[in-house]
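J.: Dropping the structure in here first, questions after.
The values are calculated or read from the model by the stated rules, or taken from the named source; none is laboratory data. Bear in mind that the values here come from a model prediction, so they are computed numbers and not experimental data. Methodologically, a virtual Cβ is constructed for each residue, glycine included, from the backbone with ideal geometry; neighbour enumeration extends over all protein chains shown.
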Amino acid sequence: MRKTVEQSRPKIPIIDAARAERFVGDSVSVEGKAINTDGGAAIELADVIIHCAELPSWPEDVEGGTVKATGELADTGDAGAPFYVLREPRYVAEADEIKDDFDEDEDTPTD
């Protein structure tokens, strides 16, 4: 019997309000500025703010920097005013990215 392996779909990038409106209900990725609002942690794009469910605020070292988050995009606003929320968000802050700054010559012992 053949087993099937379920592959995860790539996340849809949300770059503006038009794409946010179009992809409500989908698994998305959002990259932008980490801001704290009265409603909690959010990601600011050029023309839209995406709120991150279950994150009351960004840590001090993350706020104001660039973050990339994934999750399911929801619109919890009323018909006249969308309120976009990233459900079950997972994020990586710019500072958390792995940088390859290792120089092998600097780590070589000298006698």
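J.: Kindly list the number of the only condition in (1) touching a strand residue (DSSP E or B) at 6+ places or on another chain (Cβ under 8 Å); (2) at pLDDT 95 or above; (3) not in a helix (DSSP H, G or I) that fails for ARG9.
T.: (2) is the only condition that ARG9 fails.
J.: Hey, another quick one. On the given criteria, is ASP61 free of Cβ contacts under 8 Å to residues at least 40 places away in the same chain, of a type outside the set (Gly, Ala, Ser) and within 17 Å of PRO82 (Cβ to Cβ)? Steps first, answer last, please.
T.: Numbers: free of Cβ contacts under 8 Å to residues at least 40 places away in the same chain: yes; of a type outside the set (Gly, Ala, Ser): yes; within 17 Å of PRO82 (Cβ to Cβ): no.
Spelling it out, it is not the case that ASP61 is free of Cβ contacts under 8 Å to residues at least 40 places away in the same chain, of a type outside the set (Gly, Ala, Ser) and within 17 Å of PRO82 (Cβ to Cβ).
J.: On to the next question. Which number in (1) surrounded by fewer than 18 Cβ atoms within 10 Å (Cβ to Cβ); (2) more than 24 Å from PRO10 (Cβ to Cβ) marks the one condition that VAL62 misses?
T.: Only one criterion in (1) surrounded by fewer than 18 Cβ atoms within 10 Å (Cβ to Cβ); (2) more than 24 Å from PRO10 (Cβ to Cβ) is unmet by VAL62, namely (1).
J.: Here's something else I'd like to know. Based on this model, can you work out whether ASP105 counts as modelled with pLDDT under 95 and assigned to a loop (DSSP other than H, G, I, E, B)? First the steps, then the outcome.
T.: Details: modelled with pLDDT under 95: yes; assigned to a loop (DSSP other than H, G, I, E, B): no.
No.
J.: Hey, among the residues in region 41-57 that are among the charged types (D, E, K, R) and in a loop (DSSP other than H, G, I, E, B), which one's farthest from ALA74 (Cα to Cα)?
T.: Step one: list which residues in region 41-57 are among the charged types (D, E, K, R), which gives 44, 47, 54.
Okay, now just the ones that are also in a loop (DSSP other than H, G, I, E, B), so 47, 54.
Working: ASP47: 17, GLU54: 13 Å.
So the residue we want is ASP47.
J.: Quickly run through region 22-40 and pick out the residues that are part of a strand (DSSP E or B) and in contact (Cβ under 8 Å) with a residue 24 or more places away in the chain.
T.: Matches in region 22-40: SER27, VAL28, SER29, VAL30, GLU31, GLY32, LYS33, ALA34, ILE35, ASN36.
J.: Let me ask you something else. Within the set of pairs 6 or more residues apart or between chains, which connect a residue that is among the aliphatic types (A, V, I, L, M) inside region 44-57 to a residue that is part of a loop (DSSP other than H, G, I, E, B) with Cβ atoms less than 7 Å apart?
T.: LEU45/ILE15; LEU45/ASP16; ALA46/ASP16; VAL48/ASP16
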